[in-house]
Structures are given as C-alpha cells and as structure tokens.
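In what follows, a structure is listed as structure tokens, so that the remarks can point back to it.
The values are calculated or read from the model by the stated rules, or taken from the named source; none is laboratory data. This is a predicted model, so every value here is computed, not measured. For accessibility, only protein heavy atoms count, side chains too; no ligands or nucleic acids. Shrake-Rupley method; radii C 1.70, N 1.55, O 1.52, S 1.80 Å.
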Amino acid sequence: GMNAAVRAVVRMGIYVKAKVYFVYEGYQGMVDGGDNIVEVSWESVSSILQVGGTVIGSARCKSFRTREGRLQAAYNLVQRGITNLCVIGGDGSLTGANLFREEWSGLLEELAQKGKIDEEAVKKYAYLNIVGMVGSIDNDFCGTDMTIGTDSALHRIIEVVDAIMTTAQSHQRTFVLEVMGRHCGYLALVSALACGADWVFIPEYPPEEGWEDSMCVKLSENRARKKRLNIIIVAEGAIDCHNKPITSEKVKDLVVQRLGFDTRVTILGHVQRGGTPSAFDRILASRMGVEAVLALLEATPATPACVVSLSGNQAVRLPLMECVQMTQEVQKAMDEGRFVEAVRLRGRSFENNLNTYKLLSHKKPDAELPKTNFNVAVLNVGAPAAGMNAAVRAAVRVGITEGHKMFAVIDGFEGFARGKIKEISWGDVGGWTGQGGSILGTKRTLPAKYLEKIADQMRTNNINALMVIGGFEAYLGLLELSAAREKYDEFCVPMVMVPATVSNNVPGSDFSIGADTALNTITDTCDRIKQSASGTKRRVFIIETMGGYCGYLANMGALAAGADAAYIFEEQFDIRELQANVEHLTEKMKTSIQRGLVLRNENCNENYTTDFIYQLYSEEGKGVFDCRKNVLGHMQQGGAPSPFDRNFGTKISAKAMQWISKKLKETYRKGKVFANTDDSVCLLGMRRRNLVFQPVAELKTETDFVHRIPKEQWWLKLRPLMKILAKYKTSYDVSDSGQLEHVAMHSPKEAETGAI
C-alpha cells in the first residue's frame, strides 16, 4: 500500500501547485543527496498502484542517527528548497523525522557558520514541517486503527491458511503457523480470528501457567469431535508469562510428544510483506496521502508534527510523539509483565479482537454453560455475500455460550415458511469462516406473503428471537415483520439485523459484510485488464460493476484500481460530462500512459447503458484509442471472504447476539418473551467510529425505498479524491479532513461500545 500513498501524495501535491520530490532509499538517500532526491511529475507515479513494496525504495540508515548525517540531510534539502516532508514508515522512521524537525533550526545555523549556506537561506527555510503516515504490516502503532500494509499482510496469511487447511484436512494433520510480529500480536490474533484457529500465541497476552496441558486437552477434544485438522498460530515474538519465548518448533515438539499427532511447521516469513496490495490498503493509503498533503499545507511552526490515520471510518490527525510514546508504553508494559495493561494500551480494536477470539474458540463443557431456555433462530436473506457464514458461526457460538438453543433457518423467509428449520450446534459451524456464499442458503423473498406460515413456525419451534443476516431485503423483511406485530403476537420478540450485501446499500451502516470481498474481486480484475490494455497501447476499457443503484463498488473500485472515471447513479451525469471524459482520455493518450479504465455501475443511468457508453467512446475515440467492454457480473458475489469480511462478520454478529441476550432478559415477563417496542427491532451498523444499534423504524426516514439506497452515503465525499488522482480539476471539500486530536486512552468501559 506504500505505493498508493506515494502516488496520492505526488498527485495531490501537484494538484495544489507544489513541487514534489522523491527521496529514494529512505533517510540514506536524504543523507547521500545527489540523484537520490529528484523532482517528479504526474506520470512518475503511473502504474504503481498495484505494485507491492515501494518504488522509491526504503533503507535502514545508520548515518541519519548521527548529527553529522542529519546535518548533511538538512543541507541537501535546503539546496532544493524543500521544507515539507512526508514520511511513510514505522515508529522508528517517524521518531527520527521528529528529531530532525526539532533540530532543524540548529542544523541550519551550523550550516551557516560553516559557510555552507547563507543567512538568507536560514531565514527563508527557517521551519521544517513533517507529516507521518504509518506503514507497517504489524499494525503496531498506537492511535491508528489500521496501518498501511496490515490488510494486505492478512490477505497473504489467509491465502496460505486456506491452502493449508485443505491439505491438513486430507491428512488429519496439525499445523503450526508462524506469522510476523516481533512485538505485536495483531497479525496472529486477527488471522486466528479469521480462520478459526484452535490456539494462538501473542506477545501481549501470554498463556497462563500450565498452558501446555490445556492446549493439548483442547486439541484432542477437537479431534474427538471429528475435526480432522488443528491449526495453531504463533506470532514470532510470542512469550510465556515469564517472558520466555514460545517458538513454533517448541509448540510442534510439545504436540508430537504429548499427543503423537502428525504435526508440521510453516513459517510464513517475508511472504507477508509482498504481493499486490489489497483494495482496502490502496484506498486507505490514497486517503491518507491526500490527507497528509492537506496537513502539510496547514502546518505552522506552532503545530506539533502529526501522523494522519484512520479511526473507524474517519480520517484523523494525531500528534506524532504522543503516538510514539504510547507505542513505547506498550512495549514497556510487556517487558514489565503488565499484560492486561499492554492489551488496553493497544487500543479498543485490539481488545475487541482478543475478547471475540476468546469467546468463539473455546467451548465450555455443557455443565458449565448457563441454561436460559430461550430459542434463537438465525437466517440469511437476500443475495449471497462473502462473510455471511462467518457471521452465522459467530452468532451460533455466542448464542450457545450465552445459554440459548440455536436454530438455523434454511433458504431465508421462504424456507422459514416451509418449516426448513433445525437446531444447530457448536461443532456444526466449525470451519465456516473461510467459506464463501451462504451455507444456510439465502433467498430474496420477503416475508409479507408468508406471514401466517412464518408465525406458525415461530410458535411450533417456540422461537424467542430472530437474527437476520442479509442485505436490503433483510431490512425490508424486518420492517414487514414489525408491522405485522399487531396481528401476530409471535413477532413480538427481539429481532436484529446484521448487514451483509456486496452492494453496501443498507441504511444505518457505513459497511456491510461482503462488500470488501467484492471490491477485491473488482480490483484484481481491473489490474489484469489494465495490464492487457497497457500491452496493446491506446486502449480504453469500460467495466460494469454490480451494486443495484448504489455506486459504492464502482466508486471505490475506481479509487482502488486507479480508474479515469466512474459513472454512478448518485451523481447524475449528462452527455457533456461523457464528452469531457472522452476528451480527457484523448489528452491522456498523448502522454506516456496510453490506456484508460472507466467503471460504470449497472444502474447508473437507464439510457446511458454500458453498450451506449462503449459505442460513444468507440466513435469519439476513433483514430486515437479503441475500446473494449467487460461486465463483471456474479463473480462479484463469490469467492472466499477477505480477512476484513471474516472479521467484520464475526465481530458484528457476536455483538448482535449479545444484544439479543440482553433484550431477551429485558422482555421476559410471566414466563414468556414479549417485545413490541420499536427498539426491539434493530439494525446493527458501523457508523463512523462505532457500532450502533438503530431501530429499523427510525431508519425509514434515511432510506430511498425506490432505489434501495440510503439518502446520504459517506463515501460520496471520496468522489473528488478519485477525480483529483485521475487529473480532473475539481473542488475538494476540506471540511471533513481530520482536525488534530489527542491520542485518547480509552477506559475499559469504552471497549464495550465497540470499535471494529
């Protein structure tokens, strides 16, 4: 994702009429100067979006740690009149940058004394501004939810785990996987959550004394339950409670000695740093790059050096040194054995991951489980979306842990009416996280025409609560069921919906399960198409994406793939705009970038169809470029779920189930559950920084029912971003850009409000 950030900084810089320079090979290049610092143009960053690593190189630099080195670096920058630095790196690089900034005026004075620069230069370049972006696959930087590169590293790990699972399944083997993370267990923890690993070792949360016994008991229990494989994930920095390292070899030897299981170790190593960046990383890095340029433009000598980062779905700026200090606090807490503190300092997202993992991985013996005598049904509604199965698994397991009997409904509301409903156990949902589509089966049918039959089934099976995982139809379905409460008492039970649809068009939530996987599919396909187009030269591709009337996939796909335009329903366009896009591409063909990519949402305009746009471009581009079109279709609904969708699905669903338990207790009166208020039918959505339960009745006013989209959508703010990066003149609304905040230490209470 670093290249996406580099591209965004360069293009946004040029857009605000600044001169932009590359410093090759990190601080080493800054110290060496010469050809390592060069001015760059718009085209310098073309075709790098899909490349892993960084095109400007990166190096650990000993000389920059000395004052002489920094003196030389300052001299090289002043020679070119550079006083704004954008640093992409981990906490070491950022701490170095901050020191450099603090010493800056002193370094210039020294250069003047030595006669290397004149007094005028000292005055003119008196201040150095610095903005940091955190690029680190470990996600080990406090104050930011996701660092650039983390999501891509998770993609690599999950690809490997999925592949290993098939071979382990065949051979009944145990696999010990070692993932990166010397001081931070994020990758290990999240991948364990995403693949349902049997055991995970991380530096922040060492296992209790006697873990060897409890782990072996768990592994053999799983085998006894007919589970053919065990997966154990070890972070390279894993330790026990005496701060002694726990290595993957040690874990393997233990399993072999104690249980005699056929065990293999796989060390993933640098595979995790490589490969093409995921859609999430490209969008994150592009947003951060633009934000970094804005932060530099607004920086004054009085403002502290800041890092731009993402909190939930919101761009924020945080003082660099506060973040660095907090990151070092975590390490200190771990060294001193204050592990509970270390987890808390990592932030609420990390804490949530850990709690959810603990909740879902270990089944308590039946004797220890509470008995509530409540029956809860889970169903999928709408079109299939990757991550639905992870959500069902989490719901079933949390439900069982809370003491309920869980029921699975096959084939949505239609199956419900036909009585396709069965009890589902802890073991039934094993291995579901990595499966695409919907194992329970899903239908678009709404409940209105089956109300009586569904009420019968609810009565027969004594269902006390409903959890619906699905898209816009699930939302409509809940509205219909709550409207039918006057007639049928059976529907007077707590109901909750978890949004799952590739279109991401459900009101009340910024994200829905399945959209990230679809976005990655679109991005991968666009990468291949771009490659084919740049091979043939002077070719423009028109690509149609799904999404109904919602332009999320087209817009975000365009941002992630570096497209020239995206046509969406939410932003009306006319023939003049199409004309302008054609002229823009004609100009582009005169440069060294001789290819074009245009995305079109399937319902963006009933008359300007994909064929129409293709024919228009073909005619207008005659002699300059030729055209091809591609309809992506249902491949966008399939495929193994991305790490984001597995985790989002798991966490949001676990939270929804806990809400159901709470509501059941509240509404249980005189031997029966009776809930007929609006707040007992809710949708759980991600809003900016928090997960919130919203009564579906209240969401009605926010919904455009004709086009099945929310009236206001956050991602439309990213439209100008895509246009700027594709070289269009447009105005960028700065009001939403991050204001400088302080790193909040959250209280343990706050962890419950639920960040993702």
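Some points to look at:
- Alpha-carbon centroids, the stretch 131-200 and the stretch 453-482: separation in whole Å: 36
- Normalised per residue, the accessible area of the stretch 171-296 is 37 Å², obtained with a 1.4 Å probe and no contribution from ligands, DNA or RNA.
- Leu310 accessible area, 1.4 Å probe, all protein chains in place, Å² to nearest 10: 10
- Cα-based convex hull, the stretch 1-107, per residue volume (Å³, whole number): 97
- The Rg/Rh ratio for the stretch 149-271 is 0.94, where Rg is the radius of gyration of the alpha carbons and Rh is the Kirkwood radius.
- Cross-link check: pairs Lys358/Lys422; Lys250/Lys655; Lys363/Lys651; Lys405/Lys651 evaluated at a Cα-Cα cut-off of 24 Å; pairs beyond the cut-off: Lys358/Lys422; Lys250/Lys655.
- Relative to the longest principal axis of the Cα atoms of the chain, helix 2-15 runs at roughly 60 degrees.
- Cα gyration tensor category, rounded, prolate or oblate, for the stretch 423-474 with a/c compared to 1.5: oblate
- Viscosity 1.002 mPa s, 20 °C: Kirkwood-radius Stokes-Einstein D of the chain over Cα pairs, µm²/s: 78
- In degrees, nearest ten, helix 186-195 long axis to first principal axis of the chain (Cα): 40
- Against the empirical curve 2.2 N^0.38 Å, the C-alpha radius of gyration of the stretch 439-504 lands at a ratio of 1.10.
- Percent of Cα-Cα distances greater than 20 Å, calculated over the stretch 514-613: 35
- Helix 575-588 vs. the chain, principal-axis angle (Cα, 0 to 90°, nearest 10): 50
- The distance linking the stretch 1-80 with the stretch 575-645 is 33 Å (Cα centroid to Cα centroid, whole angstrom).
- Using just its DSSP H runs of length 4 or more, each adding -39500 (n - 2.57), the chain gives a mean residue ellipticity at 222 nm of -13000 deg cm²/dmol after division by all residues.
- DSSP bridge orientation in the chain - percent antiparallel, rounded to nearest 5: 25
- Once you reduce the stretch 360-393 and the stretch 649-709 to the center of their Cα atoms, the two points are 17 Å from each other.
- For Val307, nonlocal amide neighbours, meaning residues 5 or more places apart or on other chains whose placed amide H falls under 5 Å from its own, are Gly132, Leu318, Leu320.
- Ranked from largest to smallest solvent-accessible area, with a 1.4 Å probe on the protein heavy atoms, Tyr205, Tyr488 come out as Tyr205, Tyr488.
- Among beta bridges that DSSP assigns inside the stretch 149-271, antiparallel share in %, nearest 5: 5
- Carbon/sulfur fraction of accessible area - the chain, other protein chains in place, 1.4 Å, %: 50
- Three-way shape call for the stretch 601-732 based on the alpha-carbon gyration tensor, with the a/c threshold at 1.5: prolate
- Reach of Lys123 by Cα under 18 Å, taken over aspartates and glutamates that are not fewer than 8 positions away in the same chain: Glu102, Glu103, Glu109, Glu110
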